[in-house]
Amino acid sequence: MAAVFCRFMASTSPLARDPSKLFFQADHVRRSIISAYWLIIILALPLWWHTTSIERLSLPTVRVTEQTRHGLRIPVSVGLERDPDVSISASQLQNSVDALVRKTPQRWEGLDIRILETRSEDVEHVEGLYTVVSGNEVAVRGRELEFPIRGGPTISGLADTLGALIAPLASTTEQDHRVAQYSPHYRLSFTLLNEDAAAGHFYTEWDVLDAISRHISPILSQLETLHDFTIESQVQFHAPLAFSPRQINDGFGITPEDLTVFVNSAEWTLSSSASNDPVLHFVVFVPSAARRPLHILDSNGDMTSSTSFLLPQWGGIVILNPQEWTVPSKLPSSDLDPVFSAFSNHLLSLLGVPRLPPGVKNAGHNHHALTDWQLDALLRYRAMSNAQGSKDTLKSIVNLVNQIENMPVGQDVRGDIQGALASLEQMLDVSKTSLTETFRLSARAVTLSSRAFFNPGMLALLYFPAEHKYAVYTPLFASAVIPLFVAALRELASWRRQRKERARQVHAASEKVEGSQSSAAT
């Protein structure tokens with residue numbers, strides 16, 4: 001009876017006959033739920049727009065364009081000593097130097113050479129004046145050039161010597177492939193590599209501190225105006241080669257082709273610390289006892305006397321073949337003298353320090369130290385190359401931002417660009433008075449422009465264009481938005497139908513009332 005009664009009640013219930021009578025099927029409840037969804041979406045749009053929008057600040061394009069038009073000009077003044085026995089005048093030497101400039105303009109790019117009389121009033125206010133004095137030989141001492149100008153020498157010989165000292169590098173735009181890219185900070189890594197300690201006869205330690213203090217530190221102290229250096233050293237006991245040296249009559253040989261793949265980067269750990277500063281490597285390679293002596297061969301396969309070689313922009317390597325079969329555990333300082341003498345030459349080449357021209361002696365107190373002529377030439381070269389590199393980088397940033405519409409440009413990027421431009425503008429003002437300050441500003445400009453170019457924020461969306469965003473977000477939101485959109489359209493259509501139905505009912509009721517009133521009046 002109970003089951004029959006329940007079935008009877010269910011069959012006669014108005015909710016069973018009309019599901020719209022359910023409270024959650026009521027029109028106002030259903031429309032309120034759908035409206036709540038759309039209200040949340042609409043309110044979330046500003047937050048979504050703020051979190052997904054790209055900060056793209058304007059760049060000083062006009063200032064960048066103006067800087068690319070202004071070239072750096074560094075004055076170089078040379079005073080010629082006046083002597084009754086000397087037939088060379090400053091005007092004659094000036095004409096000879098100008099002829100060299102016209103002959104090789106790229107070599108003298110950015111330099112204004114002025115030849116003055118040492119007794120003239122103009123010399124008193126010249127900063128960094130070089131002087132040419134009479135001497136018995138061609139030598140430099142401080143900022144002086146001793147030259148045998150008595151006895152009627154040729155003016156072209158003196159002009160050529162001045163040119164080799166003032167502009168020793170070919171061009172600021174054609175950098176020597178051996179010279180490392182400029183950086184204000186370098187790490188010098190000195191490594192003693194034993195090819196195979198398991199074979200015996202290997203070194204466990206070396207007197208590297210003493211060798212560095214005698215051969216490397218004097219160079220670093222003179223170059224402190226240009227760079228800061230951090231030194232590290234280590235010893236490794238297993239450093240196999242990635243190739244097999246060629247066996248020759250007197251041991252083993254390495255061909256020029258083998259030198260290009262000598263460094264086994266896969267198995268050699270040459271850098272012992274993590275840093276973004278560029279590293280210049282200096283490696284002492286001790287061959288295994290089974291591969292001694294190890295020689296360097298020339299292109300004809302003949303053995304050379306050299307035991308060291310330079311890898312451009314990377315570092316230098318010295319092959320050390322112990323003289324005794326039983327190798328002591330410690331590599332003494334006396335055996336490191338020729339090794340670090342080669343390393344010092346490698347370091348100068350990697351940093352772009354020019355050498356004195358052939359036939360010109362260093363007559364200073366320290367014959368092994370760098371002369372003022374060399375340091376000034378390096379400062380001028382680095383200043384002009386840094387200035388040009390900074391301008392090229394700034395121009396590349398502007399072009400890249402204009403080409404890629406979704407590339408962000410934050411305040412840090414624009415600040416670095418403005419700082420680089422300010423340094424370039426100041427550099428042009430001080431270039432006539434201070435070479436050191438000119439270089440410092442050029443170094444700051446190239447550092448800021450490089451930091452702006454490689455800013456991680458600029459690369460965030462470089463490889464994520466708009467098509468990728470559509471491909472990612474469409475499957476995620478389409479499945480939720482399309483049903484809401486269809487439901488909203490359906491409810492809008494239902495509301496319009498109900499509104500028309502109510503209007504029709506009201507109109508019918510009004511007609512009925514009017515009809516009943518007219519019948520009653522009749």
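The values are calculated or read from the model by the stated rules, or taken from the named source; none is laboratory data. Worth saying up front: this structure is predicted, and the values here are computed from it rather than measured. Every residue, glycine as well, gets a Cβ built from its backbone with ideal geometry; the counts of neighbours run over all protein chains shown.
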Taking interchain pairs and intrachain pairs at least six residues apart, which have beta carbon atoms under 8 angstrom, with the first residue in the stretch 248-273 and free of Cβ contacts under 8 Å to residues at least 60 places away in the same chain and the second assigned to a strand (DSSP E or B) and of a type in the set (S, T, N, Q)? Gly253/Gln247; Thr269/Gln236
Could you run through the stretch 48-62 and say how many residues are touching a helix residue (DSSP H, G or I) at 6+ places or on another chain (Cβ under 9 Å) and not in a helix (DSSP H, G or I)? 6
Looking at the stretch 439-455, is at least one residue exposed (fewer than 15 other Cβ atoms within 10 Å of the Cβ) and either part of a helix (DSSP H, G or I) or not hydroxyl-bearing (Ser, Thr, Tyr) (or both)? yes
In the stretch 278-324, which strands (runs of 3 or more DSSP E) lie fully inside it and hold 3 or more residues that are under 32 Å from the mean Cα position of the chain (by Cα) and crowded, with 20+ Cβ neighbours inside 10 Å? 279-286, 315-319
Enumerate the pairs (first residue in the stretch 140-166 and under 19 Å from Val76 (Cβ atoms) and among the acidic types (Asp, Glu); second residue anywhere and surrounded by 14 or more Cβ atoms within 10 Å (Cβ to Cβ) and modelled with pLDDT of 85 or more) with beta-carbon separation below 6 Å, excluding pairs fewer than 6 apart on the same chain, so at least 6 apart or on different chains. Glu144/Thr131; Glu144/Val133; Glu146/Val133; Glu146/Ala139
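Quick one: which residue in Arg82, Arg30 is in a loop (DSSP other than H, G, I, E, B), over 29 Å from Val409 (Cα atoms) and modelled with pLDDT under 85?
Only one candidate passes the filter, namely Arg82.
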State yes or no: is Arg504 over 20 Å from Leu226 (Cα atoms) and not aliphatic (A, V, I, L, M)? yes
Would you mind finding the one in Asp298, Asp277, Asp302, Asp337 that is free of Cβ contacts under 8 Å to residues at least 40 places away in the same chain and among the charged types (D, E, K, R)? Asp302
Filter result (of a type in the set (Asp, Glu) and touching a residue at least 40 places away in the same chain (Cβ under 8 Å)) within the stretch 470-522: Glu491
Flag if Ala159 is in contact with a helix residue (DSSP H, G or I) (Cβ under 7 Å, 6 or more places away or on another chain) and not in a strand (DSSP E or B): yes
